[in-house]
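Asker: Sending over a structure as structure tokens; questions will come in a sec.
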Amino acid sequence: LLLFRASAILSIQNVGGLGNTGTLQTIWYIMAVVVGLGFATMFALWRRRAESWPAGRVLRTIELFALLLGLVWATPIAAATGSANASVIFPIAGISLAMMGIGVISMIRVPVGAVIFTALMASVLGRSLYTSLPDNQIMAALVCAIYGLVLIGVTVNSHWDFLRRSRAEMEVQHQKQVIKLLLNDFERGSSDWLWETNAAGVLTHYSPRFAEVLGVKVEEMQGKTL
């Protein structure tokens, strides 16, 4: 993400004929590195389920970094479109839209962060194009708005799909637990001998009553053949 952002900003600067912006460019890149590393660290903590950082706090921090990341990405875009010639505005807009798409894909597992990033980038780019293209103001702003809404729609749809899969998996696990509990209750209240073996005849499941009738401990039946 950082490498793509750096190459995209360099391309924007070259296309826009901005050249070396000196101290401001250095600040942009330092902020990009700091925010990018912070975002990656928070995401890693969330994925590793670190006990010292509750999941809710990590997600809130990731969303904050998404806002900062949007600001870092949007600043050079606004500067480039504000000072570039009208003939290079469209290439700059194309690179900026690609940056938006890459950023959203990178954050799609954190939908609130992706939506914040998309809204910020789309609004900044739309406003910049609106002020830089006097002949196509409405069209430029409309394109940015539609593109941003499409990315937000993809993010929300992906999140809903993830929630549906999660609910289905939770339902399957719940059914397995219910079946196991019912079977255990039946075994405790039944005088039957219940067992199951694999293809080699080795016991893989057996009721406590079966072990009691045989006069052995339950753990001693593990790995024995019928």
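The values are calculated or read from the model by the stated rules, or taken from the named source; none is laboratory data. As the structure is a computational prediction, the values presented were derived from the model and not from experiment. Virtual Cβ from ideal backbone geometry, glycine too; neighbours counted across all protein chains shown. Protein only, heavy atoms only, side chains kept; ligands, DNA and RNA dropped before computing areas. Shrake-Rupley method; radii C 1.70, N 1.55, O 1.52, S 1.80 Å.
Asker: Based on the mean of other beta carbon atoms within 10 Å per residue, what is the order of 65-73, 210-218, 162-170, most packed first? Mind showing how you got there, number by number?
Answerer: Numbers: 65-73: 22.3, 210-218: 12.7, 162-170: 10.4.
Going from most to least packed, we get 65-73, 210-218, 162-170.
Asker: Hey, could you get me the Stokes-Einstein D for the stretch 111-196, Kirkwood radius over alpha-carbon pairs, 25 °C and 0.890 mPa s, rounded to whole µm² s⁻¹? All intermediate terms of the calculation are to be shown ahead of the outcome.
Answerer: Working: Rh = 17.3 Å.
Diffusion coefficient, whole number: 142 µm²/s.
Asker: Let me ask something else. Using a probe of 1.4 angstrom, how much of the accessible area of the stretch 104-226 is carbon and sulfur, in percent? Don't jump to the answer; show the numbers that get you there.
Answerer: Details: 5140 of 8280 Å².
After summing per-atom areas, the C and S share lands at 62 percent.
Asker: Taking only protein heavy atoms into account and a 1.4 Å probe, give the accessible area per residue of the stretch 167-226 in Å².
Answerer: Values: 4830 Å² over 60 residues.
About 80 Å² of surface per residue is accessible.
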